[in-house]
Amino acid sequence: MKLPADPNLLVYFEGGFHKLEDAKVGILTHALHYGTGVFEGIRGYWVAEEKELFLFRPLEHYERFRHNTGIVRIQLPLTASELCDLTADLIARNDFKTDIYVRPLAYKSGQRIGVHFGPEDDFALVVVPFGDYIDSTKGLHVGVSSWRRIEDNSIPSRGKICGAYVNSALAGDEARRNGFDEAILLNEHGHVAEGSASNLFMVRHGKLITPPVYENILEGITRDTIMRLAREELGLEVEQRPLDRTELYICDELFFCGTAFELAPIISVDHRVVGNGAIGPIAEQLRQLYRAASHGRLARYRHWCFPVYQRVFDCHRTAA
Ligand code: PMP
């Protein structure tokens, strides 16, 4: 999806609110040369009936973000809860009443040549209007990549580290040039890992199966959401175990999931039809449940939805 670069958009940068066109980094910034940053991606859904914008599981995203800054030894002076409030403040300042995507970025900001970590760190936050990331209404055609998923002992996949996304970009680019919608990456053991920017689930013998966290995947928050919904709402058995490539060819259903992808069904892999070639019933049920949960329509999961305008109102009232 091509994002509109509205120069009047307000962003948070170097400790204050600025117009996007004024938020610039220097050409020698460490993260630009060496990929030494970590980022997040959080969705917010505008629910017109409630006149409210709900961030979906922002606390979990910011907790992951804080852990990941520790991996790259980036200092971040805000707690996960403070980051949620800052995000709400930025959304309110932009007066967004539409679906949005939130992009926090913490990075090594020193300006000098040399790969070693310097002491300078910075944090930026951008929120943009956002619709579908990929059109998966008819199901996706995907290919197994010739690029392997990066190893935990080289660049940890769970870290959501900027430089690591070269791996995703190479795989995604190759897949699209080969005529596929997306890539599936195997890890160095030859097991199925994930998509270029999403986790992967398979349905086989009525069971939902996904690679475990030690298979060089991102510990996805949507992955966790899907496992909860499958177990608690559909009574499905969910198994986390290594997956072989050829299981992708013989499974009943297959789908990606992630913040941007939401739930995206796959209908062919390497030119082999998945199931009967149509979107499977379990994927469809989970897609509807995910939509309901992320839009605050399921009471049991309402605590996952962070009400932006309510929160900003409460903060102002407390401050007054
Ligand atoms: N894997 C990768 C490589 C990703 O970039 C993403 C997107 N953050 C995901 C999985 C899905 O993670 P989440 O559900 O937390 O967005």
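By the gyration tensor of its Cα atoms, with a ≥ b ≥ c the square roots of the eigenvalues, what is the shape of the chain: rounded for a/c under 1.5, prolate for a/b over b/c, or oblate? Mind showing how you got there, number by number?
Values: a/c = 1.91, a/b = 1.27, b/c = 1.50.
Because a/c hits 1.5 or more and a/b fails to exceed b/c, the chain counts as oblate.
Name the residues of the range 141-163 whose amide N is less than 16 Å from a point 7 angstrom out from the Cα of GLU219 along the C-beta direction?
152-153, 156-161, by backbone N distance to the label point.
Work out the length of the dipole vector of the chain about its Cα centre, built from +1 on the beta-carbon of each Lys and Arg and -1 on the beta-carbon of each Asp and Glu, and round it to the nearest 20 debye.
With Lys and Arg at +1 and Asp and Glu at -1, about 100 debye.
Quick check: the angle from helix 58-71's long axis to the longest principal axis of the chain, C-alpha only, nearest 10 degrees?
Its long axis makes an angle of about 80 degrees.
Quick one: check the C-alpha center-to-center distance for the range 60-104 versus the range 257-290, whole angstrom.
29 Å
Taking the Cα centre of the range 247-315 as the origin and placing charges on Cβ (Lys, Arg +1; Asp, Glu -1), which of ALA278, HIS295, ILE267 is farthest toward the positive end of the dipole?
After comparing all options, I get HIS295.
Quick one: if you stick a label point 7 Å off each Cα along the C-beta vector at GLU60 and ASP270, how many nm between them?
Here the modelled spin labels are 3.1 nm apart.
By the gyration tensor of its Cα atoms, with a ≥ b ≥ c the square roots of the eigenvalues, what is the shape of the range 140-279: rounded for a/c under 1.5, prolate for a/b over b/c, or oblate?
It comes out oblate by the Cα gyration axes.
Take LEU170, LEU229 and order them by how many other Cβ atoms sit within 10 Å, fewest up front.
In increasing order of surrounding Cβ atoms, one gets LEU170, LEU229.
Mind checking the angle between helix 80-94 and the chain's longest principal axis? C-alpha axes, 0 to 90 degrees, to the nearest 10.
Roughly 80 degrees, rounded to the nearest 10.
Label-point separation (nm) for GLU239 and LYS138, each offset 7 Å from Cα along Cα-to-Cβ?
About 3.4 nm separates the two model spin labels.
Only counting other Cβ atoms within 10 Å, I'd like ARG297, ARG302, ARG64, ARG317 sorted with the fewest neighbours first.
Working: ARG297 15, ARG302 12, ARG64 21, ARG317 8.
Listed from fewest to most nearby Cβ atoms, that is ARG317, ARG302, ARG297, ARG64.
Answer with one residue from GLY114, LEU140, VAL126: the one whose Cα lies farthest towards the positive end of the charge dipole of the range 79-156, charges on Cβ with Lys, Arg +1 and Asp, Glu -1.
Among GLY114, LEU140, VAL126, the one farthest towards the positive end of the dipole of the range 79-156 is LEU140.
What is the angle, in °, between the Cα long axis of helix 308-319 and the longest principal axis of the Cα atoms in the chain? Nearest 10 is fine, range 0 to 90.
On a 0 to 90 degree scale, this one is about 30.
Once fully extended, how much extra length lies between GLU284 and GLU120, figured as 0.36 nm per residue of separation less the alpha-carbon to alpha-carbon distance?
Value of the extension gain: 54.4 nm.
How big is the dipole moment of the range 233-286 about its Cα centre under a simple scheme where the beta carbon of each Lys and Arg is +1, that of each Asp and Glu is -1, and everything else is neutral? Debye, nearest 20, please.
200 debye
According to the square roots a ≥ b ≥ c of the eigenvalues of the Cα gyration tensor, what is the shape class of the range 10-129, taking rounded for a/c under 1.5, prolate for a/b larger than b/c otherwise, and oblate for the remainder?
The shape class here is prolate.
Using the number of other C-beta atoms within 10 angstrom as an exposure proxy, rank CYS84, CYS305, CYS315 with the fewest first.
Least crowded to most crowded, the residues run CYS315, CYS84, CYS305.
Laboratory data are not the source of any read-out in this text; all were calculated from the coordinates shown. Note that the structure is a prediction, hence the values are computed from the model and not measured. A quick note on method: Cβ atoms are made from the backbone with ideal geometry, for glycine too, and the neighbour counts reach across all protein chains shown.
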